[in-house]
Amino acid sequence: MGQVYEYDDEYLELFDSWMKDQGFTKRTQQAYLGDVRLFLSGIEKSLPTIEAIDIMRFLTKMRQGGAGDAARNRYLSSIRTFFAALIELQIVQSNPSLNVKKSKVEKNQIPTFLSEQLLAVFLQSIEGKYQIRNVAMFLLMSYAGLRVSELHRLNIADFNRSTSTLQVFGKGRKWRVIPLPAELVKVLNKALMERMDTRSSVEQPFFVSQFGRRISVRMIQTIAEKYFEVLKKQYAELQGKSISSHKLRHTFATMQVLAGTDIRTLQELLGHASIQTTQIYTHVGDKQKQDAMNRVSAFIPVGMGI
């Protein structure tokens with residue numbers, strides 16, 4: 001048992017280095033390391049001898065501690081990735097977690113999004129010294145579908161003014177090119193004119209903090225949360241709901257579905273590796289159809305003797 005614990009930190013350091021090389025975001029690295037550290041702390045055997053049953057016992061323990069299906073699946077994903085790294089690094093020969101099934105999570109749940117009216121109110125409520133910068137960030141999320149991490153990584157060189165396109169470095173270290181609406185291009189140009197000079201001479205981040213550094217993921221989230229709180233006080237339908245900056249990306253996807261964008265094109269715009277991830281948004285369109293039919297049903301005559 002003591003021998004196993006000696007190697008834990010070494011394995012975690014190797015896993016961390018592997019994730020950095022693979023281009024995992026900082027948040028994902030921290031989450032996966034925390035999950036794997038928790039898993040290893042209860043293991044009393046060497047890594048090559050770990051079996052599926054050991055992982056199942058850990059996941060059961062997490063469930064008993066209050067973890068739901070989604071949380072259980074994240075623990076399993078962390079462990080799977082950990083063993084995948086160890087195989088690539090030739091430390092172990094097999095991945096025992098592949099024999100553990102994921103929990104079924106409700107797939108038809110429609111993502112929370114803002115209506116066009118609420119989105120407009122949200123954007124118009126943004127004010128202050130960094131108004132243009134903040135409006136530009138949230139426009140890119142709600143009208144170009146960027147993730148918070150993608151905003152954080154965006155460089156000036158990624159914005160092509162001559163073609164009005166944006167190169168986005170997304171999940172899985174994949175690039176995608178997004179054509180930008182003319183109004184959004186105008187805001188981005190204005191944001192660049194008001195942008196602070198950075199301390200770094202190596203990279204030129206598009207969005208800069210008040211300290212002259214690349215704006216952090218957490219700062220973007222904090223700014224969004226501030227204005228969402230104002231919005232929630234004004235609109236009763238939002239009270240009690242959890243609204244984060246990621247809801248702006250959901251709003252973009254929802255607007256695209258309602259506008260008739262096909263699923264393959266939406267997958268490309270969102271940068272989803274799997275079309276199954278994108279298909280959750282098609283349920284928004286299904287709901288719109290159901291609502292329309294429910295309204296029509298009010299006009300169907302009753303008492304027809306059938």
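Structure notes:
- Among (1) open to solvent by less than 60 Å² (accessible area, probe 1.4 Å); (2) in contact with a helix residue (DSSP H, G or I) (Cβ under 7 Å, 6 or more places away or on another chain); (3) closer than 20 Å to Gly23 by Cβ, the one test that Gln167 misses: (1)
- Leu184 being part of a loop (DSSP other than H, G, I, E, B) and open to solvent by less than 60 Å² (accessible area, probe 1.4 Å): no
- Between Ser17, Ser78, Ser97, Ser103, the distinction of being under 30 Å from Leu154 (Cβ atoms), hydroxyl-bearing (Ser, Thr, Tyr) and open to solvent by less than 30 Å² (accessible area, probe 1.4 Å) belongs to Ser78 only.
- Residue in the range 221-241 that is aliphatic (A, V, I, L, M) and under 22 Å from Lys171 (Cα atoms) present: yes
- When the range 29-72 is filtered for residues that are part of a helix (DSSP H, G or I), within 23 Å of Glu13 (Cα to Cα) and of a type outside the set (A, V, I, L, M, F, W, C), the ones remaining, listed by number, are Gln29, Gln30, Tyr32, Gly34, Asp35, Arg37, Ser41, Pro48, Thr49, Asp54.
- Of all the criteria given as (1) open to solvent by less than 50 Å² (accessible area, probe 1.4 Å); (2) modelled with pLDDT of 85 or more; (3) basic (Lys, Arg), the one not satisfied by Arg264 is (1).
- Checked against the criterion of being more than 19 Å from the chain's Cα centre (by Cα), hydrophobic (A, V, I, L, M, F, W, C) and assigned to a loop (DSSP other than H, G, I, E, B), the candidates Val230, Val202 yield just one match: Val202.
- Ala71 being over 18 Å from Ser103 (Cβ atoms) and open to solvent by 30 Å² or more (accessible area, probe 1.4 Å): no
- Cβ-Cβ distances below 6 Å connect the following pairs, each with a first residue in the range 237-257 that is in contact (Cβ under 8 Å) with a residue 60 or more places away in the chain, a second residue that is of a type in the set (Ser, Thr, Tyr) and buried (at least 20 other Cβ atoms within 10 Å of the Cβ), and a separation of six or more residues or different chains: Leu248/Ser142; Thr251/Ser142; Phe252/Ser142; Ala253/Tyr281.
The values are calculated or read from the model by the stated rules, or taken from the named source; none is laboratory data. What you see is a predicted model; the values in this text were computed from it and never measured. Don't worry about glycine lacking a Cβ; one is built from the backbone with ideal geometry, like all the others, and counts go over all protein chains shown. Note: accessible area is taken over every heavy atom of the protein model, side chains too, but ligands, DNA and RNA are not part of it. Shrake-Rupley method; radii C 1.70, N 1.55, O 1.52, S 1.80 Å.
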